[in-house]
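Visitor: Submitted below is the structure of interest, expressed as structure tokens.
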Amino acid sequence: MRIKTKLTLGVGLLFILIILLGSVGASYIHSLKKDTENILHDNYNSLLYAKTMLQTLDAQTDQALARFEEQLIKQENNATEQGEIDINAQIRHDFEAYRHDPLNLERLKTIRISVVQLMEMNMQAIETKSQYAETTAYQATIWIAITGTACFVIAFTLLINLPSSIADPIQKLTLSIKQIAANNYGERVHFEKSDEFGELAQSFNTMAQKLEEYNSSHLAKLMRQKKRIETLINKMIDPVIGLDENMQVIFVNEEACKVTGLLEDQMVGKSSKDLALGNDLIRLLLHDMQQKTPTNEPIKIVVDDKEGYYTKEFVHIEITPTGEATKEVVGHVIILRNITEYKELDFAKTRFIATVSHEFKTPISSMKMSLQLLKNKQIGALNEEQNHLVDSVHDDVNRLLKITTELLNMTQVESGNIQLNVEPCLPQKILDYALEANRTSADLKEIDLQVHQSPIAHSVLADVEKTAWVLTNLIANAINYSHDNSVIKIALEQTHMFTQITVKDDGIGIPPEYIHRVFDRYFRVPGTHREGTGLGLAISKEFIDAQGGTISVKSDYGTGSEFTIELKNKQG
Ligand code: ADP
């Protein structure tokens, strides 16, 4: 039965029974009242009149007789019982006769008997009527008890059944909804009845089933996507290692297994810190990852007896959790880019440049020597125009030689084969060599090379040739980027530990946005018109770094630049 019908029936029946109870009670009370009224009105009054009549009969005065008649008239008007009219008529007859013959005592006696008869009749009627009222009261009690009991039974049944029949399914449904909210989509409710709760259960189950279907299709989709990404990562030619926020390995691809020499099972799920204890590559990668600015240097890894070159890239995965403002790190990905191919091409290029520049150097040097011979007057005097041409070719040969030397030096730097010959030497020797090499070009621009030397007490530890080349390059740049008739200050200073050589010019200076790039290979400040390769400072830095020294620059754009070399002194 539907809950609505159940409620309507239960409450409706209760309502009807209450009305019935009220009506039965009211009707019985009414009939009891009527019975009592009847007794009072019909019989009690007759008794009263009869009693007064008896009392007045004894007085035998006119006043008493008048009073008797008054009572008799009242009694005549109150004849309610069967036979009462006859007795009243008998009393009237005897009373009339007695009034005409007051001495007839026999009549008086008859009247008295009739009045007593009247009293007995009414008393009898009172008894009958009170018995009848008793029956009515009894019936009323029975009916009220029956209706009351029915009311109680229905109300009690409703009290016991109704709250639980409504609350229990609601409670069950609430629990099931909570299960669904907790992603337990297999939850179902089973209400046997075909009431509203039965329909609700059916709708709930349909909803849960659809959610379950959606969830499993969603999950399947996610799984497919995961598989796709896993395959993609696996097929990558670059080794990839994924770590979670606790530095535990969550995935590795085949290439990563190859370069680390470990199996996937040996890595996934393990702490990278534990793995680092037994694996040099992982240790190096973790160490670099924890640096604020990891080095860009490629690393060499031997895989299957073949050398491979890789650059490292660390991606820190950050997400902003829903409802929060700050980001949090949820993992890291280490990617090793395989640059072996480029490295091999680079080696080939370096080897090619080295061979070419080496092959060029000898003929260029002999061309230079030939030009010097040509200018020698003992061989034969040249006219002005020939002299001019020879000077011009000499300049070009010098430039060619400079470029070839720079390229050759560069190949040494790039292949990591800088051959140093570090030995204690006097810094003046280096300075004098560089000054001599630049003297002619300084004179051409009428630039004054001013040298300031502090007392020199220590030898410096340096490769004389390479350091002289660096200083020559710095002075040549200073001359190149200075105005005619200016001054270049070259200072040589020594502390106990270090020797510093500074080249300061009042030239064009370097724009601040480019100053950090002047030591990069092939870098030239945009708009520089002088000829050059952009290699001089890069090579200088490599040479000085290789000797354990430093080279630095300060510049005010438009006012001049200052380059400083610092080298270690020979101790003891
Ligand atoms: P380059 O062969 O072009 O001189 P360098 O490596 O020696 O190559 O210098 C790189 C660049 O730095 C130059 O092209 C020039 O723009 C700038 N530079 C070097 N020295 C100076 C200097 N003394 N004054 C101004 N700019 C300079």
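Taken together, the values in this text are just the output of simple stated rules run on the coordinates, not laboratory data. Values in this document were obtained by computation on a predicted structure and should not be read as measured data. As a convention, Cβ positions derive from the backbone with ideal geometry for all residues, glycine included, and neighbour counts pool all protein chains shown.
Visitor: Report the full-extension gain for the segment E344 to E465: residue separation times 0.36 nm, less the Cα-Cα distance, to one decimal in nm. Can you show the working numbers first?
Guide: Working: separation 121, 0.36 × 121 = 43.56 nm, distance 3.04 nm.
Separation in residues times 0.36 nm, less the Cα-Cα distance, equals 40.5 nm.
Visitor: While we're here: In terms of modelled amide H atoms, which long-range or inter-chain residues lie less than 5 Å from the amide H of K270?
Guide: Long-range HN contacts for K270: V249.
Visitor: Taking a spot 7 Å from the Cα of D168 along the direction of its beta carbon, which residues of the range 180-222 have an amide N less than 12 Å from it?
Guide: It comes to 191-193, nothing else.
Visitor: Right, next: If a helix is a whole DSSP H run, which ones in the chain reach 20 Å or further along their own axis (Cα) and hold a mean Kyte-Doolittle hydropathy of at least 0.0?
Guide: 3-38, 45-59, 105-181, 464-480
Visitor: What is the distance, in nm, between label points placed 7 Å from the Cα along the Cα-to-Cβ direction at K273 and at E254?
Guide: 3.4 nm
Visitor: So what is the relative contact order of the chain, in percent, for Cα pairs below 8 Å that sit 6 or more residues apart?
Guide: 8 percent
Visitor: Give me the number: length gained by fully extending K445 to K221, i.e. 0.36 nm times residue separation minus the C-alpha to C-alpha distance, one decimal in nm.
Guide: In short, 73.0 nm is gained.
Visitor: Taking the inverse of the average 1/r across all pairs of different Cα atoms in the range 348-475, what Kirkwood radius in Å do you get? Spell out each step's value before the answer.
Guide: Details: mean 1/r = 0.0579 Å⁻¹.
Over the range 348-475, the inverse of the mean reciprocal pair distance is 17.3 Å.
Visitor: If you find the alpha carbon centre of the range 15-51 and of the range 341-418, how far apart are they in angstrom?
Guide: What the calculation gives is 148 Å, centre to centre.
Visitor: Express in whole angstrom the spacing between the alpha-carbon centres of the range 63-134 and the range 193-212.
Guide: A separation of 86 Å, based on Cα centres.
Visitor: Once both labels are modelled 7 Å past Cα along the beta-carbon direction, what's the N184-V393 spacing in nm?
Guide: Result for the modelled spin labels: 10.0 nm.
Visitor: Where the convex hull is taken over the Cα atoms of the chain, what is its projected area averaged over directions, in nm²? Before the final figure, lay out each step's value.
Guide: On the way: hull surface 256.0 nm².
Averaged projected area of the chain's Cα convex hull equals 64.0 nm².
Visitor: Moving on. Could you give the length gained by full extension between E230 and I3, i.e. 0.36 nm per residue of separation minus their alpha carbon distance, to one decimal place?
Guide: Using 0.36 nm per residue and subtracting the Cα-Cα distance, I get 76.1 nm.
Visitor: May I have the pair-distance distribution P(r) for the range 41-96, computed from all Cα-Cα distances with 5 Å bins from 0 and rounded to whole percent?
Guide: Taking all Cα pairs of the range 41-96, the binned fractions are 5, 21, 33, 25, 12, 4, 0 percent.
Visitor: Further, regarding this structure: What pairs from K466/K568; K227/K258; K235/K258; K109/K129; K429/K466 go past 18 Å between their alpha carbons? It would help to have the intermediate numbers written out before the result.
Guide: Working: K466/K568 15 Å; K227/K258 21 Å; K235/K258 13 Å; K109/K129 30 Å; K429/K466 12 Å.
Result: K227/K258; K109/K129 exceed 18 Å.
Visitor: What does the charge add up to near T326, with Lys and Arg as +1, Asp and Glu as -1, over the other residues with Cβ less than 15 Å from its Cβ?
Guide: The answer is -3.
Visitor: In a shell of Cβ-Cβ distance under 13 Å around K504, excluding K504 itself, what net charge do Lys and Arg (+1) and Asp and Glu (-1) give?
Guide: Values: positive: K489, K554; negative: D448, E493, D505, D506, D556, E562.
After counting each charged neighbour, the total is -4.
Visitor: A further question follows. Excluding Y185 itself, calculate the net charge of residues whose Cβ lies under 11 Å from the Cβ of Y185, where each Lys or Arg counts +1 and each Asp or Glu counts -1.
Guide: -1
Visitor: Using Cα-Cα distances under 8 Å and only pairs 6 or more residues apart, what relative contact order does the range 345-414 have, in percent?
Guide: On the way: 37 pairs, mean separation 37.9, N = 70.
Dividing the mean separation by the residue count of the range 345-414 yields 54 percent.
Visitor: Continuing with the same structure: What order, most packed first, do the peptides 498-506, 430-438, 189-197, 325-333 have when packing is the mean number of other Cβ atoms within 10 Å of each residue? Walk me through the numbers on the way to the answer.
Guide: On the way: 498-506: 21.0, 430-438: 18.9, 189-197: 15.0, 325-333: 12.4.
Answer by packing, highest mean first, reads 498-506, 430-438, 189-197, 325-333.
Visitor: Can you compute the FRET efficiency between D244 and H516 using 1/(1 + (r/R0)^6), with r the Cβ-Cβ distance and R0 = 35 Å? Round to the nearest 0.05.
Guide: The formula returns an efficiency of 0.40 here.
Visitor: Shifting gears a bit: When only C-alpha pairs under 8 Å and at least 6 residues apart count, what is the relative contact order of the range 510-572, in percent?
Guide: Once divided by the residue count of the range 510-572, the mean separation gives 31 percent.
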